[in-house]
Amino acid sequence: MTDRLSHLTRRLVAFRDARDWSQFHSLKNLMLSLNLEASELLELAQWKSDAEVDASLADPAFKERLAEECADILNYLLLICERAGIDLAEAADAKISRNDAKYPVAKARGSAKKYTEL
Ligand SMILES: [Mg+2]
């Protein structure tokens with residue numbers, strides 16, 4: 001795992017353990033929590049057009065909330081990977097490589113089709 005992700009994971013584990021919250025952080029509960037945070041991210045775009053969401057970036061309060069929800073998602077993702085013994089950086093790197101093979105530039109460039117339809 002990259003140094004930065006390892007550092008964040010160690011901080012999260014220290015935060016969790018100081019509060020004796022590991023007992024609540026089952027893999028299932030962490031997965032649910034990640035999804036709840038992802039829903040909070042979606043809430044920022046609810047009822048807005050693409051252009052309105054893009055324009056919201058000029059609002060510092062919106063950008064701060066966006067950053068907070070992104071951080072919540074990353075933090076739960078790191079806790080899931082810590083619980084499951086997954087090296088997130090390695091897994092993400094491997095996934096990009098698999099997607100690179102599934103979506104060759106010559107076929108996928110400018111297309112929103114799924115790899116099975118290319
Ligand atoms: Mg949140």
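Loop-located chymotrypsin sites (Phe, Trp or Tyr not before Pro) across segment 1-71 with a Cβ neighbour count of 16 or fewer within 10 Å are Trp21, Trp47, with loop assigned by DSSP. In sequence order, segment 12-21 has phi-based couplings of 5, 5, 5, 4, 4, 5, 4, 9, 6, 9 Hz under the Karplus curve 6.51 cos²θ - 1.76 cosθ + 1.60, θ = phi - 60°, and Gly or Pro positions carry x. Centre-to-centre separation between the Cα atoms of segment 66-118 and those of segment 1-30: 21 Å. With a Förster radius of 30 Å applied to the C-beta separation of Ala101 and Ser26, the computed FRET efficiency comes to 0.30. Put a plus charge on the Cβ of each Lys and Arg, a minus charge on the Cβ of each Asp and Glu, and nothing anywhere else: the dipole of segment 3-103 about its Cα centre is then about 420 debye.
Rounded to the nearest 10 square angstrom, Val53 shows an accessible area of 40 square angstrom against a 1.4 Å probe.
Each principal axis of the Cα atoms in the chain has its own extent, and those three values, largest first, are 50, 37, 26 angstrom. FRET efficiency for the pair Leu44 and Arg16, taken as 1/(1 + (r/R0)^6) with r the Cβ-Cβ distance and R0 = 30 Å, rounds to 0.70.
For segment 1-58, the orientation-averaged shadow of the C-alpha convex hull comes to 6.2 nm² (one quarter of the hull surface). For segment 1-48, trypsin sites (Lys or Arg not before Pro) meeting the loop criterion (DSSP other than H, G, I, E, B) and having at most 15 other Cβ atoms within 10 Å: Arg19, Lys48.
The values are calculated or read from the model by the stated rules, or taken from the named source; none is laboratory data. All of these numbers come straight from a predicted model, not from anything done at the bench. Here Cβ is always computed from backbone atoms with ideal geometry, including for glycine, and neighbour counts include all displayed protein chains. Ligands, DNA and RNA are excluded from the accessible area calculation, which covers all protein heavy atoms including side chains. Shrake-Rupley method; radii C 1.70, N 1.55, O 1.52, S 1.80 Å.
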